[in-house]
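So the structure is just underneath, and the comments pick up after that.
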Amino acid sequence: MAQACICLLLASLALVPYVTATGIYIDRLPWRITAVNGFSWANCDAETLPGKIQTLTLLPDPLVIPGEITASAILNTSVPLVSPVRIVITAEKEFMGEWLKIPCLDNLGSCTYGDFCDVLDELIPPGLPCPEPLHTYGLPCHCPFKEGGYYLPVTMFEVPSLSLPSWFTKGNYRMKIVVSHQDQEIGCAKLTFSLSGTYL
C-alpha cells in the first residue's frame, strides 16, 4: 500500500500540468476547482493488510486552488510490490443523501488500472530522474518497490488552476482505493473530501 500510495500521489502530481494544459471538457462545460475541503483518510482493512498508510497530512483546510499545499506522509509495506500492480478505484458522489458511483470517463472516476507500473512508465519514462520532491528524498517512482517504510517530510507544492469535466461538480465525494498483486490484496484506503468550484 505504501508504494501504491506514493504511485497515486505521484501520478496525481504528474497529471496536474496535463489537465491544466489541455483542459478536460465534457459537453463544453468546463469546471474549475477552487477549493478542496475536509480531506480525510483511513485504512479500510482494519490495518491487517501488508501495506498501510501510517500518516498522511494535507494542509491547509480548505486547500485553495490555485495555491500552496503542504503535504507529508509515512507509508509502510511488509511485502515488495512488483508488476503487475492492479489498482481499483471506486469513486462516489453524495446526491440527495445517497452515494452514487461515478463511472470511469477519461481515466477519472471509478477506474481500474490493470498494471499501474505501466502508467508510471508512461508518465515518467524509465531512465529519467524522479521528479521533485521524490528525487531529493530518495523516493522511487517506478516498479518494483521494496518492502519497508517510505517517508515524505513536510513539503510544499504549488498547485495551478485545474479544469475538470462538468460532472465533477461541487459536493461531497468519497473514494476507495484497493491495491493488489495477482491474487494478493496489498492494501486498501478510503478518502473523503468536498469540492468547491465554478463553471468557466
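The values are calculated or read from the model by the stated rules, or taken from the named source; none is laboratory data. Predicted, not measured: the structure shown is a model, and the values here were computed from it. When we count neighbours, we look across all protein chains shown, and the Cβ atoms used for this are built from the backbone with ideal geometry, even at glycine. Surface accessibility is based on the protein's heavy atoms, side chains included, excluding ligands, DNA and RNA. Shrake-Rupley method; radii C 1.70, N 1.55, O 1.52, S 1.80 Å.
Between Asp121 and Phe95, the C-beta separation translates, for a Förster distance of 41 Å, into a calculated FRET efficiency of about 0.65.
In summary, segment 109-160 shows an alpha-carbon radius of gyration equal to 1.31 times the 2.2 N^0.38 Å reference for compact globular proteins. Cβ-Cβ distance of Lys146 and Asp61, R₀ of 35 Å, FRET efficiency by 1/(1 + (r/R0)^6): the value works out to about 0.60.
Within the accessible surface of segment 102-148, defined with a 1.4 Å probe on protein heavy atoms only, the carbon and sulfur portion equals 57 percent.
Computed over every Cα-Cα pair of segment 47-185 and binned at 10 Å starting from 0, the pair-distance distribution P(r) comes out as 10, 30, 43, 17, 1 percent. What whole-number value in cubic angstrom gives the convex hull volume per residue for the C-alpha atoms of segment 82-132? That works out to 113 Å³ per residue. Ellipsoid semi-axes for segment 109-200, based on the Cα gyration tensor and the rule √(5λ), read 27, 20, 15 Å when sorted largest first. Translational diffusion of segment 25-116 was estimated from the Stokes-Einstein equation, with Rh taken as the Kirkwood radius over Cα pairs; at 37 °C and 0.692 mPa s the coefficient is 200 µm²/s.
Taking 0.36 nm per residue of separation and subtracting the current Cα-Cα distance, fully stretching the chain between Thr136 and Lys176 would add 11.4 nm. Applying both filters, DSSP loop and at most 10 other Cβ atoms within 10 Å, to the trypsin sites (Lys or Arg not before Pro) of segment 83-151 eliminates every site.
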